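Read the structure below first, then the notes.
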Amino acid sequence: MTATARAPGLERGETTVSPNGIDLYLRWVKAPKPKGAVLLVHGVGEHGGRYEHLERALTSAGWSFYTYDHRGHGRSKGRRVHVERFDDYVDDLQKVFDEVKSLHGAGGTPGVAPAGAKRGPVFVIGHSMGGLVVATWATLRKPAAWGVVIDSPPFKLAVQVPAVKIAAAKVLSKIVPQLALANEVDPKLLSRDPSVAKAYLMDPLVERKATVRWGDEFLRAIDRVNARAHELDIPYLMMHGDCDGICSHEGTKEFHSKTASADKTLKIYPGCFHELHNEASEDREKVFADLLAWLDARA
């Protein structure tokens, strides 16, 4: 079965998780006899519905797929692309992760073959800003997780933000925190497949603005997790395209070199742009093959 074919006997569902009074939209596609489950944490301004290729690759290989929309994103509630503090995203991830473990029926001990698990372990994948959320969660919170995948993270931005703009964001964050400005994501940099940019621009659930408080908190979160990279010690896979014009793969390489994880893997994909899961089919299949091999080896 190809990575884009749908597996038979899939169970689909959705629910709402409400940390701190914010309703978050969570949906899933369960494989009939799963090896385990994967929780996807998406990037800024988008939503979990943009990962159909990844969903099909995982479910056709026997993995259940869960994803949720961040607060202020997609079908979730909250001020659009706004947080009072970046850790709101991290708190939300912990709440959703616990919910997914319950829905999936996971058990056993993270990092150990889950003999007591009903339906296998749960891994977490974070893309772009979602990768920053996952890296922060895994590094600072020390969750009881089996492992994480960090995809195209913004440990270093590909375009340097001018110092004057950073200073302005810090000031405006205190004065008019909910002021929304363009997030400057160029859709043409998402994938070499032009249909991806077109779909992104036409997607009614995509938000192309973010508040100044969000921008200030985002930059602070990057600095914080980079300063504490040496504390990351759980199994992980990092993936990045070397032609990513949004988040620099050099920052991912540097972060990877500093971590304390005994089980750590870095994959760099020549010629690939920001959204590896939406890249040209040949490269996308290579990415999915590497991801599935990593997951299967730890299931």
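Tabulated results
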item: Test: residue in the range 166-187 that is under 21 Å from the mean Cα position of the chain (by Cα), modelled with pLDDT of 95 or more and closer than 23 Å to His47 by Cβ; result: yes
item: Wholly within the range 122-224, helices (runs of 4 or more DSSP H) carrying at least 3 residues that are out of contact with any Phe, Trp or Tyr (no Cβ under 9 Å at 6 or more places or on another chain); result: 163-175, 194-202
item: Given (1) more than 19 Å from Trp137 (Cβ to Cβ); (2) touching a strand residue (DSSP E or B) at 6+ places or on another chain (Cβ under 8 Å); (3) crowded, with 23+ Cβ neighbours inside 10 Å, number of the condition Val41 does not satisfy; result: (1)
item: Members of the range 143-165 that are over 17 Å from the mean Cα position of the chain (by Cα) and touching a residue at least 40 places away in the same chain (Cβ under 8 Å); result: Ala158, Val159, Val161
item: Matching entry among Gly215, Gly116, Gly131 (being closer than 21 Å to Gly251 by Cα and either exposed (fewer than 14 other Cβ atoms within 10 Å of the Cβ) or modelled with pLDDT of 95 or more (or both)); result: Gly131
item: Candidate set: the range 50-74, residues that are part of a helix (DSSP H, G or I) and free of Cβ contacts under 8 Å to residues at least 60 places away in the same chain; chosen: the one surrounded by the fewest Cβ atoms within 10 Å (Cβ to Cβ); result: Glu52
item: Meets criteria (of a type in the set (D, E, K, R), within 22 Å of Trp146 (Cβ to Cβ) and either surrounded by fewer than 19 Cβ atoms within 10 Å (Cβ to Cβ) or in contact with a strand residue (DSSP E or B) (Cβ under 8 Å, 6 or more places away or on another chain) (or both)) for Lys77; result: no
item: Matching entry among Leu201, Leu232, Leu190 (being of a type outside the set (Ser, Thr, Tyr), surrounded by fewer than 14 Cβ atoms within 10 Å (Cβ to Cβ), modelled with pLDDT of 95 or more and in contact with a helix residue (DSSP H, G or I) (Cβ under 6 Å, 6 or more places away or on another chain)); result: Leu201
item: Qualifying position, being modelled with pLDDT of 95 or more, under 22 Å from Leu292 (Cβ atoms) and of a type in the set (Val, Ile, Thr), among Val90, Val100, Val83, Val44; result: Val100
item: Subset tally (residues that are of a type in the set (Gly, Ala, Ser), exposed (fewer than 15 other Cβ atoms within 10 Å of the Cβ) and part of a loop (DSSP other than H, G, I, E, B)) for the range 248-299; result: 4
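The values are calculated or read from the model by the stated rules, or taken from the named source; none is laboratory data. All of these numbers come straight from a predicted model, not from anything done at the bench. Positions of Cβ are backbone-derived with ideal geometry, glycine not excepted, and every protein chain shown enters the neighbour counts.
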